[in-house]
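Just so it is clear, none of the values below were taken in a lab; they were calculated from the coordinates. Since the structure is predicted, the reported quantities are computational estimates derived from the model, not experimental observations. Cβ atoms come from the backbone with ideal geometry, glycine included; neighbour counts cover every protein chain shown.
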Amino acid sequence: METRYELIVEYLGYGYHGWQTQPQVKTVQGTLERVLRYVTGHERVRTLAAGRTDAGVSADAMPVQLILDSPVDTETMLPKLNDHLPTDIRVIFWEKASGSFNILESVEWKMYSYRFSLKKLVGPRAAPFVAGVAGPLDTQRMEACAALFEGNHDFRAYGYQVPSDAETERMIRLSKLEYHIAPGNGLPRLWEYSVMSAGFMRHQVRLMVGSIIACGQGQLKLA
């Protein structure tokens, strides 16, 4: 009997070619499904994530739908699954869902964060988490630029290969740039950009971050 589950997955994406399974390369989905087949004994394992991350991108709490051909005991399977997953992938929640559960229809908001330092060269400890941006940057202009994205706007210019008939309006609930004091241990002082919406187009957040940095470099004017 087909059974659906909800998983929450945390992973460090630095060593992966994104979430989605691709031939001949290591991905988070491919690794997770391979280990799920081993620990559950099910040959057919199907997963669907609430979003797809690009190469090198990490996730703190990615909702994932899992479909198996018959039920399993999640209480015993969860620790076994984490024992066999690589240390840069962890399943922090695994629970049976209803037969009509659809992860894409269940997610209300998605949050993305980009962290960067005002140093072009970032040390090896921080490299998986922090991008280096050559200064100087006007961070006050960048904060003002980030705030302009909030609200309902047409983001067609911030999509990648967007079809002409695609819906490109998005409601941005949060768009904020914040400064973080260095935590020590060789990690740099950094800025973090956070953006929240019900959904984003392909490469939309990446292009929004590019515009914010361009504002800080004086290449774009504030509206």
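Observations on the model:
- Mean residue ellipticity (222 nm) of the chain, computed from DSSP H runs ≥ 4 via -39,500 (n - 2.57), nearest 500: -7000 deg cm²/dmol
- Three-way shape call for the stretch 25-111 based on the alpha-carbon gyration tensor, with the a/c threshold at 1.5: oblate
- Packing, taken as the mean count of other beta carbons within 10 Å per residue, orders the peptides 80-93, 56-69 from highest to lowest as 56-69, 80-93.
- Taken along the Cα-to-beta-carbon direction at a fixed 7 Å, the label points for GLU150 and GLN217 span 2.7 nm.
- Residues of type lysines that LYS110 reaches as a straight line, Cα spacing below 27 Å, ignoring anything fewer than 8 places off in the same chain: LYS26, LYS96, LYS176
- Annotation: extensible slack from GLU192 through SER70 equals 39.6 nm (criterion: 0.36 nm per residue apart, minus Cα-Cα distance).
- Segment HIS42..ASP165, full-extension length gain: 40.2 nm, with 0.36 nm per residue of separation and the alpha-carbon distance subtracted.
- Helix 139-148 vs. the chain, principal-axis angle (Cα, 0 to 90°, nearest 10): 60
- Net charge in the neighbourhood of GLU2 (other residues with Cβ under 13 Å of its Cβ; Lys, Arg +1, Asp, Glu -1) is +3.
- Folded to 0 to 90 degrees: helix 204-216 orientation relative to the chain principal axis, Cα: 20
- Principal-axis tilt of helix 28-40 within the chain, Cα atoms, nearest 10 degrees: 20
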